[in-house]
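S.K.: The structure's right below; bear with me while I get my questions together.
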Amino acid sequence: MNPLADQFLISTLLILLFVAGFTDWRTFKIPNIITLPAAAGALMYYGIGHGVSGIGFSLAGFGTGTLLLIVPYLAGGMGGGDVKLLAMTGAFLGAKAVFIAFLFIAIVGGFYALGVFLAHNNGLGLLFAALHTIRPHQLVQTIISGTHQTSAGTPRLRYGLAIGLGTGLYILTHTCGFTLF
């Protein structure tokens with residue numbers, strides 16, 4: 001199955017990602033009314049078009065999308081809506097394509113986070129100071145304890161934007177003939 005060859009499927013996904021990104025931008029939330037029915041719709045679409053193998057393809061993508069963001073979610077780095085949005089994207093694209101899209105999302109998200117950080121803190125000096133103070137054991141403790149503390153004044157990212165832009169960039173590059181795998 002090649003979901004990127006199905007213009008209806010890809011157009012629907014891009015519209016949903018736009019709506020989710022816009023909603024995230026305005027409200028810091030990605031509502032379940034966008035992600036869950038869309039994921040179920042993708043599952044039904046594949047089931048009708050390809051039977052049991054289509055359902056398996058879509059479920060594998062859904063699961064992969066969930067697994068890719070579950071650790072950052074558990075660490076308090078993002079909300080559940082972001083996880084569900086990538087899971088929905090996986091239901092449309094399948095496991096392999098959502099993994100490749102995730103690489104694009106990570107790059108877009110990294111630049112986005114850097115831009116927000118620099119805009120919030122006015123300079124690179126603070127970036128180097130922040131990198132110097134990162135302690136990996138704090139992440140492990142956060143995951144184990146399930147708690148996360150955010151500082152007042154810390155900028156929040158609207159990661160739905162990165163998911164939408166990164167996925168769109170992946171689709172665009174693939175359409176232009178550039179493929180990673």
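The values are calculated or read from the model by the stated rules, or taken from the named source; none is laboratory data. The structure displayed is predicted, hence computed values, not measured ones. Here the Cβ is made from the backbone with ideal geometry for all residues, glycine too, and neighbour counts use every protein chain on show. Side chains are part of the model used for accessible areas, which takes the heavy atoms of the whole protein and leaves out ligands, DNA and RNA. Shrake-Rupley method; radii C 1.70, N 1.55, O 1.52, S 1.80 Å.
S.K.: Report Ile107's accessible area, 1.4 Å probe, all protein chains in place, as a number in Å² to the nearest 10.
M.R.: Looks like 100 Å² after rounding.
S.K.: If r is the Cβ-Cβ distance from Val52 to Gln7 and R0 is 35 Å, what FRET efficiency results, to the nearest 0.05? Before the final figure, lay out each step's value.
M.R.: Values: r = 25 Å, r/R0 = 0.70.
About 0.90, to the nearest 0.05.
S.K.: Okay, next question. Ignoring ligands, DNA and RNA, what accessible area per residue does region 49-114 give at 1.4 Å, in Å²?
M.R.: Values: 2610 Å² over 66 residues.
Heavy-atom accessible area per residue stands at 40 Å².
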